[in-house]
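What follows draws every value from the coordinates through simple rules; no lab data is involved. Worth saying up front: this structure is predicted, and the values here are computed from it rather than measured. FYI the Cβ positions are ideal-geometry reconstructions off the backbone, even for glycines, and counts take in every protein chain you see.
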Amino acid sequence: MWKLLLWVGLVLVLKHHDGAAHKLVCYFTNWAHSRPGPASILPHDLDPFLCTHLIFAFASMNNNQIVAKDLQDEKILYPEFNKLKERNRELKTLLSIGGWNFGTSRFTTMLSTFANREKFIASVIALLRTHDFDGLDLFFLYPGLRGSPMHDRWTFLFLIEELLFAFRKEALLTMRPRLLLSAAVSGVPHIVQTSYDVRFLGRLLDFINVLSYDLHGSWEKFTGHNSPLFSLPEDPKSSAYAMNYWRKLGAPSEKLIMGIPTYGRTFRLLKASNNGLQATAIGPASPGKYTKQAGVLAYFEICSFVWGAKKHWIDYQYVPYANKGKEWVGYDDAISFSYKAWFIRREHFGGAMVWTLDMDDVRGTFCGTGPFPLVYVLNDILVRAEFSSTSLPQFWLSSAVNSSSTDPERLAVTKAWTTDIKILPPGGEAGVTEIHGKCENMFITPRVTIVTPTKETVSLGKHTVALG
């Protein structure tokens, strides 16, 4: 009897894996409904067949327990979001906790002791099951940085290990599919080195959403693209670099999900006549009419901007930019999305992640090319194409295109990325504020021994980890 129960439980644990070879992971933000007029988006505006995984951003934390950010989320948005699964039974929904404005202090407090983590995990399972989510996404920006102590790199790993164990146990006891577990991670090498043990994350997480964008922006003195696909000799920052960096550090290709933004980063030029890449800039361009964040334009706002602007294509980075007077924006369009989707297929990565669905032209009212003009490109190439015999375009087979299939050293990792970029929030989030009570016990010294290569010990909790 016990063997039969174990077998049935194993089937349920494995059942969460969907049939598509590539994932299309799409974030939806709980502030999208607060934008004015036609830019206001609710979950019922989403297409349940567009993405394989929908992630609701964000939940919050109080007293080491996961909680809805506000009553409206719990009473209206959660039910409406998960009701999308009634129309598509294959769709998976996850709840993301964290984000830029969430900060790090509550994560640090929760991570600091086994008891705190245990309390958090119990609350996660209860909340996810109550509201019919299929999993949890951890959006911790970043362990060991922004006020987070260095050992949060390890306590974060302990949390993930304990979450996975609890999810497996709960699935066996309830005979339900195991809850999914993912994380959003930086694609910037110096952050990766500080914040993550890549091999362990690759073993434990179901998939890893790499934030392979925000590589240039108005914090810099010269123009550069937000999310170039490939590197330039003089500028190694690129989405391909970020993805290959994670792969070279030991993360499985099939678990790496490449982040693609539905927004652009803007600059104000010093001189309108000097408007190419590396042109001198003096800050952000004007805020968008709907997103109202200096330095960022949603794709549906970019459609209006480019109508009267000069559009350009960056040949070796496979992305466009546009300028109008002294205003400059590097962005993605349907063509650059298609290049990125084919890159994901050729390199056998796990899929694409979109930040965010609600910054695409959701209803097709702004750009005149139908609903979700960007994300549908990814769906066509990564999801629907899985069920056809569609082959790679001929240009990907040419040596003229950056290739890592035959020589992994060539693609985006040919030059060391030694320059740091400023750590900034994802587009669309900086203007959103969160009001919360002050956390008590901001840091509690844990009781774990970490053994360093020099035989030093650091007190950290109930696990013992050898570094190096």
Exercise. For His312 paired with Gln72, estimate the spin-label separation in nm (one decimal), with each label point 7 Å from Cα along the Cα-to-Cβ line.
Key: 4.0 nm
Quiz prompt | Length released on extending from Arg168 to Glu80, taking residue separation times 0.36 nm less the Cα-Cα span | solution = 29.0 nm
Quiz item: How large is ³J(HN,Hα), in whole Hz, for each residue of the range 34-39 in order, when computed from phi with the Karplus curve 6.51 cos²θ - 1.76 cosθ + 1.60 and θ = phi - 60°, using x for Gly and Pro?
Solution: 8, 6, x, x, x, 8
Quiz item: Hey, fewest Cβ within 10 Å first, where do Glu161, Glu301, Glu327 land in order?
Solution: Glu161, Glu327, Glu301
Practice problem: Hand me the chymotrypsin sites (Phe, Trp or Tyr not before Pro) from the range 153-230 located in a DSSP loop with no more than 16 other Cβ atoms within 10 Å, in residue order please. | Solution: Trp219
Quiz prompt | Cα centroid of the range 198-254 to Cα centroid of the range 81-130, whole Å | solution = 25 Å
Exercise. Find out how many positive minus negative residues lie around Phe81, taking Lys and Arg as positive, Asp and Glu as negative, among other residues whose Cβ is under 10 Å from that of Phe81.
Key: -1
Practice problem: Compute the FRET efficiency between Lys292 and His33 as 1/(1 + (r/R0)^6), taking r as their Cβ-Cβ distance and R0 = 22 Å, and round to the nearest 0.05. | Solution: 0.90
Practice problem: State the extension gain, in nm to one decimal, for the chain segment bounded by Ala126 and Lys221, taking 0.36 nm per residue of separation less the distance between their alpha-carbons. | Solution: 29.4 nm
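Loop-only GluC sites (Glu not before Pro) in the range 200-279, please: DSSP not H, G, I, E or B, and at most 16 other Cβ atoms within 10 Å.
Glu220, Glu234
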Quiz prompt | Extension gain from Thr369 to Arg199, taking 0.36 nm per residue of separation minus the Cα-Cα distance | solution = 57.0 nm
Quiz item: Which pairs in the list Lys237/Lys310; Lys75/Lys255; Lys289/Lys326 are over 22 Å apart, alpha-carbon to alpha-carbon?
Solution: Lys237/Lys310; Lys75/Lys255
Exercise. First measure r as the distance between the Cβ atoms of Ser253 and Glu90, then evaluate 1/(1 + (r/R0)^6) with R0 = 25 Å and state the FRET efficiency to the nearest 0.05.
Key: 0.65
Exercise. Mind checking the range 36-106 for trypsin sites (Lys or Arg not before Pro) that DSSP puts in a loop (not H, G, I, E or B) and that have at most 16 other Cβ atoms within 10 Å?
Key: Arg87, Arg89
